[in-house]
1. For GLY223, state whether it is surrounded by fewer than 18 Cβ atoms within 10 Å (Cβ to Cβ), touching a helix residue (DSSP H, G or I) at 6+ places or on another chain (Cβ under 7 Å), outside any helix (DSSP H, G or I) and not aliphatic (A, V, I, L, M).
2. For the range 142-179, which residues satisfy the criterion of being among the basic types (Lys, Arg) and within 14 Å of SER204 (Cβ to Cβ)?
3. May I ask you to list the residues in the range 76-103 that are out of contact with any Ser or Thr (no Cβ under 9 Å at 6 or more places or on another chain) and open to solvent by less than 20 Å² (accessible area, probe 1.4 Å)?
4. Would you pick out the residues in the range 273-287 that are over 24 Å from VAL233 (Cβ atoms) and either open to solvent by less than 30 Å² (accessible area, probe 1.4 Å) or among the hydrophobic types (A, V, I, L, M, F, W, C) (or both)?
5. Checking THR165 against (1) in contact with a Phe, Trp or Tyr (Cβ under 9 Å, 6 or more places away or on another chain); (2) open to solvent by 20 Å² or more (accessible area, probe 1.4 Å); (3) more than 24 Å from ASN125 (Cβ to Cβ): exactly one of these is not met. Which one?
6. Evaluate the range 268-276: report whether one residue or more is within 15 Å of the chain's Cα centre (by Cα) and in contact (Cβ under 8 Å) with a residue 40 or more places away in the chain.
7. Restricting the search to the range 154-203, which residues are within 19 Å of GLU252 (Cβ to Cβ), without any contact (Cβ under 8 Å) to a residue 24 or more places away in the chain and small (Gly, Ala, Ser)?
8. Within the range 250-267, identify whether any single residue is in contact with a Ser or Thr (Cβ under 7 Å, 6 or more places away or on another chain) and either modelled with pLDDT under 95 or not in a helix (DSSP H, G or I) (or both), and answer yes or no.
Amino acid sequence: MIVHLWSYLYRNIFRFWLKWILRQLTGKCELQRICDGSMKRAERTLRIEHSLESSKCKALQRAVYSSKDDVEKCVALIIEQKKINTQKDAVFASKLQLSLLQISGCKKLYLAVEELRKQPYNSDNNKHEEQLMELWNLLMPHEKLKARITKQWCDIGFQGDDPKTDFRGMGMLGLTNLLYFSKHYPREARQILSRSNNPKLGYSYAIVGINLTEMAYNLLKNGHLRTHFYNLVPGEPQMKDFHQFYCYLAYEFDKFWFEEKPESIMYFNQYREKFHEKVKKHLLDYDVVLALRNEI
């Protein structure tokens, strides 16, 4: 109760007066003070985002939803609203513009990821079928599929003889992530597939991969990935950056699973949640970048 009361008083009363006092002392608004500081890219962008969202000015609140084409207009509007002298503060506009591009880019990326997730796998779609066949060929280059519907799919970790049923939760996003990892990190993907067949610590490679896609999707949806993307990309993050993060999860989860040595696959959800919390803890670090290197 006390915490909620303090939070309410700070947001609605104390924050305004604190900002006013600091502006009188420094001659600069909150956004200028953030841009002037020695903060690194992610911390600066996160604080700018919070400042804009907390503003009582609707125009400033809307700035975090600006499109790439509107960013320059938003920067000019903020400069006008805050009466900022850009001759005295020459770097403010460029720093604010970069942060707004990152903020709007993350929101745009979420919409693109969500659209792919909502797209169901369709076996009548030739492109979907080609991607599925490509996944098999990348993971099992020395073994040919005997048929489209076959128990062989279980060899790469699908549940049954037709993988399309396993993509229901994550749609084409699940397949796209699996394929990206296999295409850009073939050695690592095949190595993890081989390890997943371990008689004691084995797991279903494709099913776990789709599960990790759900983890990556939820981390993006809930805003946990902003720090990672703000450090990774000096502008708008792209779909490939999301796929790269998935590759990191696939590689690190395999290491985590074998280090933990679960008694049985029946404990998967318990260890998945433990891994999830570990990743979220990493993402609290303002300097964090969670991605694999040496992509081909």
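The values are calculated or read from the model by the stated rules, or taken from the named source; none is laboratory data. The structure presented is a predicted model; accordingly, all values stated were derived computationally and were not measured. Don't worry about glycine lacking a Cβ; one is built from the backbone with ideal geometry, like all the others, and counts go over all protein chains shown. Protein only, heavy atoms only, side chains kept; ligands, DNA and RNA dropped before computing areas. Shrake-Rupley method; radii C 1.70, N 1.55, O 1.52, S 1.80 Å.
1. no
2. LYS151, the sole residue that qualifies.
3. Within the range 76-103, ILE78, ILE84, ASP89, LEU96 qualify.
4. PHE275 - this is the single residue of the range 273-287 that is over 24 Å from VAL233 (Cβ atoms) and either open to solvent by less than 30 Å² (accessible area, probe 1.4 Å) or among the hydrophobic types (A, V, I, L, M, F, W, C) (or both).
5. Status for THR165: all satisfied but (3).
6. First, the residues of the range 268-276 that are within 15 Å of the chain's Cα centre (by Cα): 276.
Restricting the remaining residues to those that are in contact (Cβ under 8 Å) with a residue 40 or more places away in the chain gives 276.
Yes; the residues of the range 268-276 include at least one that is within 15 Å of the chain's Cα centre (by Cα) and in contact (Cβ under 8 Å) with a residue 40 or more places away in the chain.
7. SER194
8. So far as the range 250-267 goes, no, none of its residues is in contact with a Ser or Thr (Cβ under 7 Å, 6 or more places away or on another chain) and either modelled with pLDDT under 95 or not in a helix (DSSP H, G or I) (or both).
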